[in-house]
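Report on the structure given below.
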Amino acid sequence: APDIDVAAVQAHLDALQQIADENGGNRATGTTGYRASVDYVTEQLETAGYTVTEQPFDTFGGESYNITAELAGADPSRVVMLGGHLDSVDAGAGINDNGSGSAGELATALAFAEANPNPSVTVRFAWWGAEEQGLLGSSHYVDSLDAAELDRIDVYLNFDMIGSPNGGYFVYDGDDAVEGTFNEFLATRDIQTAPTTVGGRSDHAAFEDAGVPIGGLFTGAEGTKTEEEAQLWGGTAGEPYDPCYHSECDTTANIDPTMLDNMSDAMSYTVWSLTAPETLDDA
Ligand code: PHE
Ligand code: CA
Ligand code: ZN
Ligand code: ZN
Ligand code: ZN
């Protein structure tokens, strides 16, 4: 699997920060900052040879857009899908929430296009709009699929906040094989993970409700780091995983680059493994 260069992920975060700076300080639904974020990701993907599909939908805050791009697999009946939300809240630039997942995913998409543009199964990348309005983009997308299209999706992996500055290595308690693959990779870096129940708090929810196996990574939001977690992962017990959650200070300074690197590499490794022929044989 490609090792994702954290400098590439951070370059995408710098671009999203600049977009916020030039558009009133945020990248929220219905704003020019969100539109510019969509254009940035689209441009990056197209330069790498992807065809990008834009799916517009209406919200109470104005029009929003999902974007998807894929590497078509030899077996059209199987799709491994991943995504994260590209919108921010109004309060700030949304660099950890969720520039981090968006940028890690973009770096992974660009690395996969170089490393294996013709995978055995389809790898589909999504960037969701209007998560902060109530998971609107991912819900709209799942609702737009007919039964056959939905059935093609073997698994959906979600990445919402993967660089929290006082973070933890949380793996969604979802599909056990996916959890095992994330854990296996992070164990090679001597990182112990903890399972987390994300419930309805992010964009995997619509997929889970539709019966698609799910997984994902998370480094923590407004919750408080425990003593045990600080022993395990470092950082400060008694403080939030992300003290700038949904705040103006969620900037490029609000990122732990080591955590961002490890989680981006875990994303790449796991998506790569799920699309490898040996995984599929016994799936
Ligand atoms: N979805 C939340 C947000 O965007 C963040 C979050 C993700 C919280 C996963 C809990 C678990 O604000
Ligand atoms: Ca790396
Ligand atoms: Zn949020
Ligand atoms: Zn989020
Ligand atoms: Zn489990």
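The values are calculated or read from the model by the stated rules, or taken from the named source; none is laboratory data. Small disclaimer: the values here were computed from a predicted structure and weren't measured. FYI the Cβ positions are ideal-geometry reconstructions off the backbone, even for glycines, and counts take in every protein chain you see. Calculation scope for accessible area: heavy atoms of the full protein, side chains included, ligands and nucleic acids excluded. Shrake-Rupley method; radii C 1.70, N 1.55, O 1.52, S 1.80 Å.
Note on Y156: accessible area is roughly 0 Å² with a 1.4 Å probe, heavy atoms of protein only. Taking all protein chains together, S77, S37 sort by accessible area into S77, S37, largest first [probe 1.4 Å]. With 0.36 nm allotted per residue and the present C-alpha distance subtracted, the A187-R152 stretch has 9.5 nm of extension available.
Based on protein heavy atoms only, the chain ends up with 39 Å² per residue of surface accessible to a 1.4 Å probe. Per-residue SASA remark: Y40, around 50 Å² accessible (1.4 Å probe; ligands, DNA and RNA not included). The slack between D39 and L232, meaning 0.36 nm per residue of separation minus the straight C-alpha distance, is 65.5 nm. Which stretch or stretches of region 103-132 have amide N atoms under 17 Å from the point lying 7 Å from A74's Cα along the Cα→Cβ direction? In region 103-132, the label zone of A74 (backbone N under 17 Å from the point 7 Å along Cα→Cβ) covers 115-123. Extent along the principal axes, Cα only, for region 177-281: 45, 33, 26 Å, with the longest axis given first. Over every Cα atom in region 1-130, the radius of gyration and the widest Cα-Cα span, Dmax, amount to 14.5, 45 Å. For region 158-209, list log₁₀ I(q)/I(0) at each q in 0.15, 0.20, 0.22 Å⁻¹, using the Debye formula over Cα point scatterers of equal strength and ignoring solvent, two decimals each. Calculated log10 I(q)/I(0) at the listed q: -0.44, -0.76, -0.90. Size descriptor for the chain, Kirkwood hydrodynamic radius: 18.4 Å (Cα pairs only, one decimal). Carbon-plus-sulfur accessible fraction, the chain (probe radius 1.4 Å, protein heavy atoms only): 47%.
Counting 0.36 nm for each residue step from D173 to A91 and taking away their Cα separation leaves a gain of 26.5 nm. Loop sites by DSSP among the trypsin sites (Lys or Arg not before Pro) of the chain, restricted to those with at most 16 other Cβ atoms within 10 angstrom, leave 1-188 as the longest stretch without any of them.
For region 1-42, the dipole from Cβ point charges (+1 on Lys and Arg, -1 on Asp and Glu) about the Cα centre works out to 220 debye, to the nearest 20. Across the chain, the longest piece that holds none of the GluC sites (Glu not before Pro) lying in DSSP loops with up to 16 other C-beta atoms within 10 Å covers 1-221. Note on region 113-211: the alpha carbon radius of gyration divided by the globular reference 2.2 N^0.38 Å gives 1.19.
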